[in-house]
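*Asks:* Before anything else, here's the structure in question.
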Amino acid sequence: MIWNETKECMSRDEIAHLQGKRLHAQISKVYHNVEFYRKKMQALGLEPSDIQTIDDVVKLPFTTYADLRENYPYGLLAVPKEEIVRVHASSGTTGKPKLLCYTRKDIDIWSECVSRAMTMAGLTRNDVLQVGYGYGLFTGGLGAHYGAENLGAMVIPMSTGNTQKLIDMMIDCEVTAIACTPSYLLHVAEALESKGLVDKVKLKVAICGAEPWTEEMRKQIEARLNIKAFDIYGLTEIIGPGVACDCEAKKGLHIYEDHFYPEIIDPDSLEQLPAGKLGELCITTLTKEGMPLIRYRTRDLTSLEYDKCECGRTIARIQRFRGRSDDMLVIRGVNVFPSQIETALLTVSGTTPNYFITVDRVNNSDTFDVAIEVDEKFFSDEIRHLEKLRSKVENAIHQTVGLKAKVKLVEPNALPHSDGKTKHVEDRRKLTD
Amino acid sequence: MIIKQLSVFLENRSGTLQEVLKILKKENINILALSLADTSEFGLLRLIVEDPLPAKEAIKAAGYTSSVNEVISIELKNEAGYLSSLIGKISESGDNIEYMYAAPYFDGKVSMIIKTDNVRKDNNIIES
Ligand SMILES: [Zn+2]
């Protein structure tokens, strides 16, 4: 089934034509309404009339998450503030989050894209969907919720945190689909298995996202719950989950190119790369009103394929993600920048700025360990004092990152020292094969 | 009597204690009393040595974190209730004992090393 055949199965020429038209309109709008974009374009001697076709996109400057942070909260608004009906936020490298503003039309576009993704996963208005993402500033919960309602499915807004209730309702309400993170779904699978309830559920489809996962995890989920699992991709900056999703063919994630123009660039030279080449994914929002993003650098490393898919769709497919072009980690669905640990340590007197993060996946759940050094300022002959400092650091990290870390005290010579290029992270999860 | 104690932070991995003891041996530093406290995460080695400052320097040079602080040393009498009455004095003053350990060969006598909230004050209380 295809939710919007007109838009998902156009010829490549039609797609390029539509994208060019929409890009021109979008650029005219941001040039006139957003000082940030106008100044950047003027610095390059560009005017909206220079951008006529989608190939002209390479003339445009890039946008990064630093730009979002520096223009917090409303600096990148392209419409009057009263047009905004909702905001979401995503964590950043410093205390300030990135704020994303949606007009009513933006919410409609987002819902449309999520409906397309859910249809791609085989869902219809006859399905009963549990949303197991958090509801709040995070886009997962409300994004999946609005998309499923738009599809006409019955939505159960579970949110996170109560697996027992989720399982009870899954059985009682004859839930057929679930949207949540893949690691949480494996946790649910474990709970169902331990209670011998796997045969009692009517689940057939899972739409998983918000964290990187492997083909191995997908196979496990599908086999243990006897369902089909689909990968949904998106990022808050662009709109939220529903930027792309995979179909039955499992040949990559179809990106809704009439709304989000994808390109792959070389993260060093910033040159656009051809189909099939690995590089950093950049996305331009072609229709977004509230806070359009031009050539937004996602930092996700992947490649794009454009040939027609077995499912009939002609829109591009994002291939397997190969990591990041920056040092951001996704731990239990939360974006963590290693430098945030240093920021947290600065708030606790007695600590040094040296740290080492170890991330692993144990029983399908991410572990987040931070080693900090005990130097003379920090040290005490009393265990009580050391334990107190340790819990202070744990609290500071929780405050800064929004995630609980297990802090370990180590001898100073055991840690790499902060001189810019030192490695501060070991990710043992092997999420990119 | 107030004396100086050397404390060393030890990670919970095999060989750390021996490494520190080797450093002291190399520097020809004699250990008069020792206590090893540990949690599930790390260990704390507390030492009484004749001259703690050179010992601290040697330990620091090897990359270990240490500190020198004051503790109370009490010579014990071999009679029932003696320790109890001394501890009783500290408790009555409202202070807490953080830790204590025995020093069997300290200064040729059996002593108890005690760390309280307020070492100087509690030493005066005990000696009065
Ligand atoms: Zn397809």
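*Asks:* Please determine, by comparing only the residues of the range A:1-35 that are touching a residue at least 40 places away in the same chain (Cβ under 8 Å) and among the polar types (S, T, N, Q), which one is farthest from A:Leu68 (Cα to Cα).
*Replies:* A:Ser11
*Asks:* Inside the range A:299-311, can you point out the residues that are within 16 Å of the ligand (Cβ to nearest atom), in a strand (DSSP E or B) and surrounded by fewer than 20 Cβ atoms within 10 Å (Cβ to Cβ)?
*Replies:* Once the filter is applied, which keeps residues that are within 16 Å of the ligand (Cβ to nearest atom), in a strand (DSSP E or B) and surrounded by fewer than 20 Cβ atoms within 10 Å (Cβ to Cβ), the range A:299-311 yields only A:Glu305.
*Asks:* Now a separate question. Do you know which of the residues in the range A:219-248 that are outside any strand (DSSP E or B) and among the hydrophobic types (A, V, I, L, M, F, W, C) is surrounded by the fewest Cβ atoms within 10 Å (Cβ to Cβ)?
*Replies:* Of everything passing the filter in the range A:219-248, A:Ala223 is surrounded by the fewest Cβ atoms within 10 Å (Cβ to Cβ).
*Asks:* Hey, among B:Glu27, B:Glu70, B:Glu50, B:Glu79, which residue is open to solvent by 30 Å² or more (accessible area, probe 1.4 Å), within 14 Å of another protein chain (Cβ to nearest Cβ) and among the acidic types (Asp, Glu)?
*Replies:* Residue meeting the stated conditions: B:Glu70.
*Asks:* Looking only at residues that are β-branched (Val, Ile, Thr) and either free of Cβ contacts under 8 Å to residues at least 40 places away in the same chain or assigned to a strand (DSSP E or B) (or both) in the range A:368-419, which one is nearest to B:Asn69 (Cα to Cα)?
*Replies:* Going through the qualifying residues, I end up with A:Ile383.
*Asks:* Something else: Inspect all residues belonging to the range A:282-298 and state whether any of them is within 16 Å of the ligand (Cβ to nearest atom) and either surrounded by 24 or more Cβ atoms within 10 Å (Cβ to Cβ) or closer than 21 Å to A:Ser11 by Cα (or both).
*Replies:* Looking through the range A:282-298, none of the residues is within 16 Å of the ligand (Cβ to nearest atom) and either surrounded by 24 or more Cβ atoms within 10 Å (Cβ to Cβ) or closer than 21 Å to A:Ser11 by Cα (or both).
*Asks:* Follow-up. Being within 12 Å of chain B (Cβ to nearest Cβ) and closer than 29 Å to A:Ala210 by Cα narrows it down to one of A:Ala414, A:Ala344, A:Ala396, A:Ala371, so name that one.
*Replies:* A:Ala371
*Asks:* Looking at the range A:103-113, can you tell me whether even one residue there is assigned to a loop (DSSP other than H, G, I, E, B) and either under 20 Å from the mean Cα position of the chain (by Cα) or in the same structural domain as A:Ile255 (by TED's automatic domain parsing) (or both)?
*Replies:* For the range A:103-113, residues assigned to a loop (DSSP other than H, G, I, E, B) and either under 20 Å from the mean Cα position of the chain (by Cα) or in the same structural domain as A:Ile255 (by TED's automatic domain parsing) (or both): absent.
*Asks:* A further question on this structure: Quick one: in the range A:187-204, of everything that is open to solvent by less than 10 Å² (accessible area, probe 1.4 Å) and out of contact with any Ser or Thr (no Cβ under 7 Å at 6 or more places or on another chain), which residue is farthest from A:Ile331 (Cα to Cα)?
*Replies:* Residue satisfying both the conditions and the ranking: A:Leu192.
*Asks:* From the list A:Leu123, A:Leu129, which residue is away from chain B (no Cβ under 14 Å), within 16 Å of the ligand (Cβ to nearest atom) and outside any helix (DSSP H, G or I)?
*Replies:* Testing whether each residue is away from chain B (no Cβ under 14 Å), within 16 Å of the ligand (Cβ to nearest atom) and outside any helix (DSSP H, G or I) leaves just A:Leu123.
*Asks:* Within 16 Å of the ligand (Cβ to nearest atom), in a loop (DSSP other than H, G, I, E, B), in contact with a helix residue (DSSP H, G or I) (Cβ under 7 Å, 6 or more places away or on another chain) and farther than 27 Å from A:Ile27 by Cβ - does that describe any residue in the range A:331-354?
*Replies:* no
*Asks:* Kindly establish whether A:Lys98 is open to solvent by 40 Å² or more (accessible area, probe 1.4 Å), away from the ligand (no atom under 16 Å from the Cβ) and not small (Gly, Ala, Ser).
*Replies:* no
*Asks:* Mind listing whichever residues of the range A:194-218 are of a type outside the set (Val, Ile, Thr) and not in a loop (DSSP other than H, G, I, E, B)?
*Replies:* A:Ser194, A:Asp199, A:Lys200, A:Ala206, A:Cys208, A:Glu215, A:Glu216, A:Met217, A:Arg218
*Asks:* With respect to A:Ser391, determine if the residue is over 30 Å from A:Ala117 (Cα atoms) and either more than 16 Å from the ligand (Cβ to nearest atom) or not acidic (Asp, Glu) (or both).
*Replies:* Criteria met by A:Ser391.
*Asks:* Now, a different point. Can you work out which of the residues in the range B:87-126 that are closer than 27 Å to B:Asn30 by Cβ and in a helix (DSSP H, G or I) is most open to solvent (accessible area, probe 1.4 Å)?
*Replies:* B:Arg120
*Asks:* Is it true that A:Gln272 is under 23 Å from A:Met10 (Cβ atoms), away from the ligand (no atom under 16 Å from the Cβ), in the same structural domain as A:Thr6 (by TED's automatic domain parsing) and open to solvent by 20 Å² or more (accessible area, probe 1.4 Å)?
*Replies:* Yes, satisfied.
*Asks:* Now, a different point. Look at A:Met154 and say whether it is under 22 Å from the mean Cα position of the chain (by Cα) and at pLDDT 95 or above.
*Replies:* Judged against the criteria, A:Met154 is not a match.
Condition check ((1) within 28 Å of A:Glu387 (Cβ to Cβ); (2) at pLDDT 90 or above; (3) within 14 Å of chain A (Cβ to nearest Cβ)) across all residues:
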{"site": "B:Val20", "(1), (2), (3)": "yes, yes, yes"}
{"site": "B:Leu45", "(1), (2), (3)": "yes, yes, yes"}
{"site": "B:Pro54", "(1), (2), (3)": "no, yes, no"}
{"site": "B:Ala58", "(1), (2), (3)": "yes, yes, no"}
{"site": "B:Ser66", "(1), (2), (3)": "yes, yes, yes"}
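*Asks:* If you check A:Ala179 against the conditions, is it touching a Pro at 6+ places or on another chain (Cβ under 9 Å) and either buried (at least 22 other Cβ atoms within 10 Å of the Cβ) or assigned by TED's automatic domain parsing to the domain that holds A:Lys202 (or both)?
*Replies:* Spelling it out, A:Ala179 is indeed touching a Pro at 6+ places or on another chain (Cβ under 9 Å) and either buried (at least 22 other Cβ atoms within 10 Å of the Cβ) or assigned by TED's automatic domain parsing to the domain that holds A:Lys202 (or both).
The values are calculated or read from the model by the stated rules, or taken from the named source; none is laboratory data. Predicted, not measured: the structure shown is a model, and the values here were computed from it. FYI the Cβ positions are ideal-geometry reconstructions off the backbone, even for glycines, and counts take in every protein chain you see. With ligands, DNA and RNA removed, areas are computed over all heavy atoms of the protein, side chains included. Shrake-Rupley method; radii C 1.70, N 1.55, O 1.52, S 1.80 Å.
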